[in-house]
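Engineer: If you scroll down you'll find the structure; I have some questions about it.
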Amino acid sequence: MAATVRIGTRGSLLALAQTRWVAAALEERHPGLAAELVVIKTTGDKLKDVPLAQVGGKGLFIKEIEEALLAGEVDLAVHSLKDMPAELPEGCVLGAVPPREDWRDAFLSHRHASLSAIPPGGRVGTGSLRRRIQILNRRPDLEVVHLRGNVDTRLKKMETQGLDAIILAAAGLNRLGLSHLPRAWLTAQEMLPAIGQGALALEIRADDQRMRDLVGGLDHPPSRLAVEAERAFLQRLEGGCLVPVAALGQLAGDEVVLEALIGDLSGVVIFRDRLAGPPRQAADLGRRLADLLLNRGGRDILSQIYGRPL
């Protein structure tokens, strides 16, 4: 009888596409292994029309899956890494970070070729606080409209709500075979991504050596180093995935280069910088850049958002 791995996942088309990729990769690497997908509905899935920033961002799309993992109901959890809080629950570890997909945001519009081409007063849809502040920082003359739902839902809302454009993650479009939809891909200067955007997280129980061995071959060290720097930045800020911050780590030659920002909710003020250092210091790089931006003014912004001193 073939050995079975039960993989916990959300039930969205994107989550299923990502998890099926992981399942196929595991079965290819381990002949005789059978991967079984276990669909779990998360709090974030149930709150379909509520702005996520209003209900707290920590673990909204992963909490129930992690509970199933810790309870032994699944052996492996597959997440979009950008949905994960900076700290994992006790007993869980990142077993692997596969090769990162495109980290960029994508600009979709039937009317305009780019964000800069939208006329004053134009309306742009996004459910992301991070995108909102960066749009308003560059284009304070635009209206940013709250938008949630799957890709089809957002595309329909672009028409029914008279939106000039919507912004989505390029990685999700690529994984769904929809890379033909964007009119433009936004550069890091235009739109710094969410922490971990484009990367997958393969989460396992810390004491499960069998799963550690099974998923280890899917780990991609350059991707892991990049997100390690990004997540250390987020952890130093005590932030979930829904605070007005962004970061991008990249391996460039023999260095990890990390660029990050902290912005106020209006998008008027953004503190942004970059640091570089050796790969072995990826996490330290994230913490140092966080301290740099906190001391420059980010601490006041986040303390006001958290309602307590940072």
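The values are calculated or read from the model by the stated rules, or taken from the named source; none is laboratory data. Since we're looking at a predicted model, the values are computed, not measured. Cβ placement follows ideal geometry from the backbone for every residue including glycine, while neighbour counts extend to all protein chains displayed.
Engineer: Report, ordered by the first and then the second residue, all pairs with beta carbons closer than 7 Å, sequence separation of six or more or different chains, a first member in the range 35-49 that is under 15 Å from Val78 (Cα atoms) and surrounded by 11 or more Cβ atoms within 10 Å (Cβ to Cβ), and a second member that is among the acidic types (Asp, Glu) and modelled with pLDDT under 95.
Structural biologist: Every condition considered, no pair remains.
Engineer: Let me ask you something else. Just to be sure before I move on: is Asp264 touching a residue at least 40 places away in the same chain (Cβ under 8 Å) and either under 18 Å from the mean Cα position of the chain (by Cα) or more than 18 Å from Ala77 (Cα to Cα) (or both) in the structure I sent?
Structural biologist: yes
Engineer: For Met158, state whether it is touching a residue at least 40 places away in the same chain (Cβ under 8 Å), over 28 Å from Gly72 (Cα atoms) and surrounded by fewer than 24 Cβ atoms within 10 Å (Cβ to Cβ).
Structural biologist: yes
Engineer: In addition: Quick test for you: out of Ala247, Ala201, pick the one residue that is of a type outside the set (Val, Ile, Thr) and touching a His at 6+ places or on another chain (Cβ under 6 Å).
Structural biologist: Ala201
Engineer: Right, here's the next one. Out of the residues in the range 1-21 meeting the condition of being among the hydroxyl-bearing types (Ser, Thr, Tyr) and farther than 16 Å from Glu203 by Cβ, tell me which one is nearest to the chain's Cα centre (by Cα).
Structural biologist: Ser12
Engineer: Specify the residue that is farthest from Leu81 (Cα to Cα); the eligible residues are those in the range 162-173 that are of a type outside the set (A, V, I, L, M) and surrounded by 15 or more Cβ atoms within 10 Å (Cβ to Cβ).
Structural biologist: This residue is Asp164.
Engineer: With the checklist (1) surrounded by fewer than 24 Cβ atoms within 10 Å (Cβ to Cβ); (2) part of a helix (DSSP H, G or I) in hand, flag the one item Glu259 doesn't pass.
Structural biologist: (2)
Engineer: Okay, next question. Please find, within the range 22-34, the residue that is farthest from the chain's Cα centre (by Cα) out of those that are small (Gly, Ala, Ser) and surrounded by 13 or more Cβ atoms within 10 Å (Cβ to Cβ).
Structural biologist: So the residue we want is Ala34.
Engineer: Checking Gly239 against (1) more than 20 Å from Arg20 (Cβ to Cβ); (2) in the same structural domain as Val22 (by TED's automatic domain parsing): exactly one of these is not met. Which one?
Structural biologist: With (1) more than 20 Å from Arg20 (Cβ to Cβ); (2) in the same structural domain as Val22 (by TED's automatic domain parsing) applied to Gly239, the lone miss is (2).
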